[in-house]
1. Once you've got the GNM for the chain with C-alpha springs shorter than 10 Å, pick whichever of Pro193, Pro67, Pro206 has the biggest mean-square fluctuation.
2. Tell me the GluC sites (Glu not before Pro) within the range 113-197 that lie in a loop according to DSSP and have at most 12 other beta-carbon atoms within 10 Å.
3. Arrange the following residues from fewest to most other Cβ atoms within 10 Å of their Cβ: Phe70, Phe31, Phe91.
4. If you take the beta carbon distance between Gln169 and Lys199 as r and set R0 to 45 Å, what does 1/(1 + (r/R0)^6) give as a FRET efficiency, to the nearest 0.05?
5. When you count, for each residue, the other Cβ atoms within 10 Å and take the mean per peptide, how do 165-174, 94-103 rank with the highest first?
6. Taking only C-alpha pairs under 8 Å that are 6+ residues apart, what is the relative contact order of the chain in percent?
7. Would any residue of the range 54-89 have its amide N under 20 Å from a label point 7 Å out along Cα→Cβ of Ser120? List them or say none.
8. Could you pull out every residue, at least 5 positions away or on a different chain, whose amide H is within less than 5 Å of the one on Ile189? Hs are placed 1.01 Å off N in the peptide plane, and Pro or chain starts have none.
Amino acid sequence: MRYLFIFIFTLSLFLKVNLVYSQNQSESLNFYYENAQKAMNSGDYEEANIQFRKILKLGVKLPSEMPYLFAKTLYEVGQYQNSQSFLEKYFEIMGKAGTYYENAEQLKELLKLQLNKSLSCQYCDLSGYRLEECSTCNGEKQLLKKCDYCAAKGKVGCTACSGDGVLIQLGAMGNRSYKTCYQCKGKGINICPVCEGEKELYTYCPNCLGSGHTSTSILCNHTEVN
Ligand SMILES: [Zn+2]
Ligand SMILES: [Zn+2]
Ligand SMILES: [Zn+2]
Ligand SMILES: [Zn+2]
């Protein structure tokens, strides 16, 4: 009986703590959500972006209309791909029942336009961020590297004859016969198979993965001069 009492007491304490915790969570959720919408109404989308991200960090269930509002905000700050994924989430959750359904359809068209622009623009990446020349390869897409395989000598010891130039064959009577190595023609060395004797070779730039450019944090205006 005593144990049961302690158990119930502990349980109620636990529930209470949990309740206070989730109350705090939903209070901060409402607080940030209101702030975000206020910021949107005053056209301060950078601030709205900050507030929405705070909500995401809470790790709670999102208000059902929020995906649209966040998508709109992301669109306004130029983060088109992120915007699209939240817009898709909105359609998925709300279908046509969403308060902002009409707005969401409009946003979808606007996004399509922007994403197409980014696709056809050579100055920015898919998210609309301005590209710059890769500083590792200077835009060359590949790097000229000394060949490691042959230690930049262009030649390697023959693997078939271990560099001897001859192959030893044992006959049926235990007699040995010597044959000139078929691979190195008796020279004991071969041209390096990796660099083909060039001593150096081109490799993909690991910084830009062979594209020659990397993204900056500058939003692109899709013209030559940003
Ligand atoms: Zn590069
Ligand atoms: Zn050989
Ligand atoms: Zn080599
Ligand atoms: Zn662009």
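1. Its mean-square fluctuation being the largest, the pick is Pro193.
2. Working: sites: Glu132, Glu133, Glu140, Glu196; in loops: Glu140, Glu196.
Counting only loop positions with at most 12 other Cβ atoms within 10 Å, the GluC sites (Glu not before Pro) in the range 113-197 are Glu196.
3. If I rank by nearby Cβ atoms, fewest first, I get Phe31, Phe91, Phe70.
4. Details: r = 35 Å, r/R0 = 0.77.
Here the calculated transfer efficiency is 0.85.
5. Those peptides, ordered most packed to least, come out 94-103, 165-174.
6. 17 percent
7. Taking a point 7 Å out along Cα→Cβ of Ser120, the residues of the range 54-89 whose backbone N falls under 20 Å are 80-81.
8. Amide H neighbours of Ile189, under 5 Å, 5+ apart: Cys158.
Just so you know, all these numbers are worked out from the coordinates, no wet-lab data involved. Computed from a predicted structure; not experimentally measured. Counting neighbours? That spans all protein chains shown, and the Cβs are built from the backbone with ideal geometry, glycine included.
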